[in-house]
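Trainee: Okay, handing you the structure first.
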Amino acid sequence: MSVNIQAYQSILSELQPSKITLVAVSKTKPIEDLRELYDLGQKDFGENYVQELVDKHASLPADIRWHFIGHLQSNKVKLIAPFVHLIHGVDSAKLLSEINKQGIRNNRIIPCLLQIHIAQEETKFGLDEPELKAIFAGIEELSHTAIVGLMGMASFTDDVLKVQAEFRYLNSLFKQYFSKFQPLPQSDVQPILSMGMSGDYIIAMKEGSTMVRIGSLLFGARN
Ligand SMILES: *Cc1c(COP(=O)(O)O)cnc(C)c1O
């Protein structure tokens, strides 16, 4: 009822020619809505809150790939470390080292994206360029974390040119750091550039996104 199946199918067909992955952002939405998309074949779901993710993971099929896209606190990493598919919003060396510690504890390599601050708004989290560089310099010490790409959120504005410029900047960093970088040795994992939401995914696609995170177009507005 509240899932927009038509929008889902049309978004998939837009993404398909460029093989862009759709993460269905299901935060605050009930299990039944996720199940409805799952039954249509959707496997990648994104959540912002740790406890909600843990609960949904426990009640839905095991082959769902869970993306954590919110702001993650270090003391909560352990709750999602056993099963999370990709952590999108990593924005400090401290968080990264906690993820690595939990990777060791769970005997798995946890894939992460570094969040870059690209919007003008003060409130959005993320690394700047020198911080990104510093984190890359320490990457080899992380045995159980794989930095597989970058994530960013553009300014919330109708100014298309501004959003485009922010995404273009993010893609330039992505190319700089990931074009020659094989995040997971001996695997076919391609580097990921996670950018684009309901309001700006079309722009993000044109600017080279490989993964979009879409919520309200699929599930309706959140309260
Ligand atoms: C909520 C959220 C989304 C989805 O936003 P919509 O505008 O509903 O598509 C994408 N990315 C992040 C990081 C979010 O918090």
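Trainee: Would you say VAL212 is closer than 28 Å to GLN9 by Cα and outside any loop (DSSP other than H, G, I, E, B)? Outline the logic, then answer.
Mentor: Numbers: closer than 28 Å to GLN9 by Cα: yes; outside any loop (DSSP other than H, G, I, E, B): yes.
Yes; evaluated as a whole, the condition is true for this residue.
Trainee: Is it the case, given these coordinates, that GLN186 is at pLDDT below 95 and either part of a helix (DSSP H, G or I) or open to solvent by 60 Å² or more (accessible area, probe 1.4 Å) (or both)? So that I can check it myself, show each step before the final result.
Mentor: On the way: at pLDDT below 95: yes; either part of a helix (DSSP H, G or I) or open to solvent by 60 Å² or more (accessible area, probe 1.4 Å) (or both): yes.
For GLN186, the condition - at pLDDT below 95 and either part of a helix (DSSP H, G or I) or open to solvent by 60 Å² or more (accessible area, probe 1.4 Å) (or both) - is met.
Trainee: Please verify whether VAL148 is away from the ligand (no atom under 16 Å from the Cβ), assigned to a loop (DSSP other than H, G, I, E, B) and of a type in the set (A, V, I, L, M), treating the condition exactly as stated.
Mentor: Values: away from the ligand (no atom under 16 Å from the Cβ): yes; assigned to a loop (DSSP other than H, G, I, E, B): no; of a type in the set (A, V, I, L, M): yes.
Taking the combined requirement at face value, the residue does not satisfy it.
Trainee: Restricted to the stretch 189-209, and to residues that are modelled with pLDDT of 95 or more and open to solvent by 40 Å² or more (accessible area, probe 1.4 Å), which residue is nearest to the ligand (Cβ to nearest atom)?
Mentor: The qualifying residue nearest to the ligand (Cβ to nearest atom) is MET197.
Trainee: Can I ask one more? How many residues does the stretch 15-47 hold that are touching a residue at least 60 places away in the same chain (Cβ under 8 Å) and part of a strand (DSSP E or B)?
Mentor: Number of matching residues: 6.
Trainee: Any residue that is more than 16 Å from the ligand (Cβ to nearest atom) and buried (at least 22 other Cβ atoms within 10 Å of the Cβ) - is there at least one of those in the stretch 90-98? Explain how you work it out, then say what you get.
Mentor: At the first step, the residues of the stretch 90-98 found to be more than 16 Å from the ligand (Cβ to nearest atom) are 92-94, 96-98.
With the extra rule that they be buried (at least 22 other Cβ atoms within 10 Å of the Cβ), the set shrinks to 96.
Yes; the residues of the stretch 90-98 include at least one that is more than 16 Å from the ligand (Cβ to nearest atom) and buried (at least 22 other Cβ atoms within 10 Å of the Cβ).
Trainee: From the list GLN73, GLN120, which residue is touching a helix residue (DSSP H, G or I) at 6+ places or on another chain (Cβ under 9 Å), at pLDDT below 95 and open to solvent by 70 Å² or more (accessible area, probe 1.4 Å)? I'd like the intermediate steps shown before the answer.
Mentor: Details: GLN73 fails: at pLDDT below 95.
Step by step, each of GLN73, GLN120 is checked, and only GLN120 is touching a helix residue (DSSP H, G or I) at 6+ places or on another chain (Cβ under 9 Å), at pLDDT below 95 and open to solvent by 70 Å² or more (accessible area, probe 1.4 Å).
Trainee: Which of the numbered conditions does ARG222 fail, given that it passes all the others? Conditions: (1) in a helix (DSSP H, G or I); (2) within 14 Å of the ligand (Cβ to nearest atom).
Mentor: (1)
Trainee: Evaluate the following for SER198: is it farther than 23 Å from PRO17 by Cα, in contact with a helix residue (DSSP H, G or I) (Cβ under 7 Å, 6 or more places away or on another chain) and in a loop (DSSP other than H, G, I, E, B)? Break it down into steps so the answer makes sense when it comes.
Mentor: Numbers: farther than 23 Å from PRO17 by Cα: no; in contact with a helix residue (DSSP H, G or I) (Cβ under 7 Å, 6 or more places away or on another chain): yes; in a loop (DSSP other than H, G, I, E, B): yes.
Criteria not met by SER198.
Trainee: Further question: Would you mind finding the one in LEU72, LEU12 that is assigned to a loop (DSSP other than H, G, I, E, B) and without any contact (Cβ under 8 Å) to a residue 40 or more places away in the chain? Break it down stepwise before answering.
Mentor: Working: LEU12 fails: assigned to a loop (DSSP other than H, G, I, E, B).
The conditions single out LEU72.
Trainee: Checking GLN51 against (1) buried (at least 16 other Cβ atoms within 10 Å of the Cβ); (2) away from the ligand (no atom under 13 Å from the Cβ); (3) assigned to a helix (DSSP H, G or I): exactly one of these is not met. Which one?
Mentor: All conditions pass for GLN51, except number (1).
Trainee: Among the residues of the stretch 153-180, which ones are polar (S, T, N, Q) and either more than 17 Å from the chain's Cα centre (by Cα) or within 16 Å of the ligand (Cβ to nearest atom) (or both)?
Mentor: SER155, THR157, GLN164, SER172, GLN176, SER179
Trainee: Restricting the first residue to the stretch 196-223 and requiring it to be on the phi > 0 side of the Ramachandran plot, which pairs with a second residue that is away from the ligand (no atom under 12 Å from the Cβ) and modelled with pLDDT under 95 meet a Cβ separation below 6 Å and a spacing of at least six or different chains?
Mentor: The qualifying pairs are GLY220/SER2.
The values are calculated or read from the model by the stated rules, or taken from the named source; none is laboratory data. Just so it is clear, the model here is predicted, and its values are computed rather than measured. Virtual Cβ from ideal backbone geometry, glycine too; neighbours counted across all protein chains shown. For accessibility, only protein heavy atoms count, side chains too; no ligands or nucleic acids. Shrake-Rupley method; radii C 1.70, N 1.55, O 1.52, S 1.80 Å.
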